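Q: Please read through the structure below; I'll follow up with questions.
The values are calculated or read from the model by the stated rules, or taken from the named source; none is laboratory data. If you're wondering where the values come from, they're calculated on a predicted model, not measured in any experiment. Positions of Cβ are backbone-derived with ideal geometry, glycine not excepted, and every protein chain shown enters the neighbour counts. Quick note on the areas: whole protein, heavy atoms, side chains included, nothing else; ligands and nucleic acids left out. Shrake-Rupley method; radii C 1.70, N 1.55, O 1.52, S 1.80 Å.
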Amino acid sequence: MDVVDGGSSLGFLHGLTRDEAIAWWNDLAPAVADGSLAVWAAADPSGRCLGTISLGFGTMPNGRHRAEVRKLMVHSAARGQGLGRTLLAAAERTAAERGITLLVLDTETGSPAERFYRAAHWQQAGTIPDYAADPAGVLRPTTLFYKHLARQAAPVAS
């Protein structure tokens, strides 16, 4: 709710309620259970969630080599401390360990997130105008990014 209230375009509009946010998270449970979605969360010592990232894995035979980074969110109180980089690195590392060789994502064009992904060595694939409404309901373009991951070497049997 903090991230949406701060203006980040994550699919939600201003006025996101706690009940709506909880319902959205609960709706992810089946995908997490079947392994098609991985979710990481970082919390402070009191248990308050400070950040999260999700990775959606391809389920079709021709796309099992790729995954989509979804909903990298960092609470406003935790920004600028490297948490976003840590979460993204965890998702990238896990993807590589699972044999994923291509990651994709989209983010609002011109947003701080766009600069963040560029700094993390993601490559721009293109821009789509009027792709999604920001939290205020204004249509904004999105920038598509991708990142190739190195294949992890298979362990050598001894």
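Q: Mind listing just one residue for me: the one in the range 85-109 that is open to solvent by 50 Å² or more (accessible area, probe 1.4 Å) and either of a type in the set (D, E, K, R) or over 15 Å from the mean Cα position of the chain (by Cα) (or both) and, of those, nearest to Gly35 (Cα to Cα)?
A: Filtering first and then ranking leaves Arg98.
Q: Need the failing condition index for His121 against (1) part of a loop (DSSP other than H, G, I, E, B); (2) at pLDDT 90 or above; (3) open to solvent by less than 40 Å² (accessible area, probe 1.4 Å), just the number.
A: (3)
Q: Of (1) aliphatic (A, V, I, L, M); (2) in contact with a helix residue (DSSP H, G or I) (Cβ under 8 Å, 6 or more places away or on another chain); (3) over 27 Å from His75 (Cβ atoms), Leu102 satisfies all except one. Which?
A: Every listed condition holds for Leu102 apart from (2).
Q: Name the single residue, out of those in the range 48-62 being of a type in the set (S, T, N, Q) and at pLDDT below 95, that is most open to solvent (accessible area, probe 1.4 Å).
A: Across the range 48-62, the extreme among qualifying residues is Asn62.
Q: Check whether at least one residue in the range 4-22 is under 15 Å from the mean Cα position of the chain (by Cα) and in a helix (DSSP H, G or I), and report yes or no.
A: The answer is yes; a qualifying residue exists.
Q: While we're on this one: Against the condition open to solvent by 30 Å² or more (accessible area, probe 1.4 Å), of a type in the set (Phe, Trp, Tyr) and closer than 26 Å to Pro141 by Cα, how does Trp40 come out, does it pass?
A: no
Q: Being at pLDDT below 85 and over 22 Å from Leu103 (Cα atoms) is the filter here; which residues of the range 138-158 pass it?
A: Pro155, Val156, Ala157, Ser158 - these are the residues of the range 138-158 that are at pLDDT below 85 and over 22 Å from Leu103 (Cα atoms).
Listed here are the residues, each with its yes/no results for (1) touching a Leu at 6+ places or on another chain (Cβ under 7 Å); (2) under 20 Å from Tyr131 (Cβ atoms); (3) among the hydrophobic types (A, V, I, L, M, F, W, C).
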{"position": "Ser8", "(1), (2), (3)": "no, yes, no"}
{"position": "Gly11", "(1), (2), (3)": "no, yes, no"}
{"position": "Val32", "(1), (2), (3)": "no, no, yes"}
{"position": "Arg48", "(1), (2), (3)": "no, no, no"}
{"position": "His75", "(1), (2), (3)": "yes, no, no"}
{"position": "Ala91", "(1), (2), (3)": "yes, no, yes"}
{"position": "Ala95", "(1), (2), (3)": "yes, no, yes"}
{"position": "Phe116", "(1), (2), (3)": "no, yes, yes"}
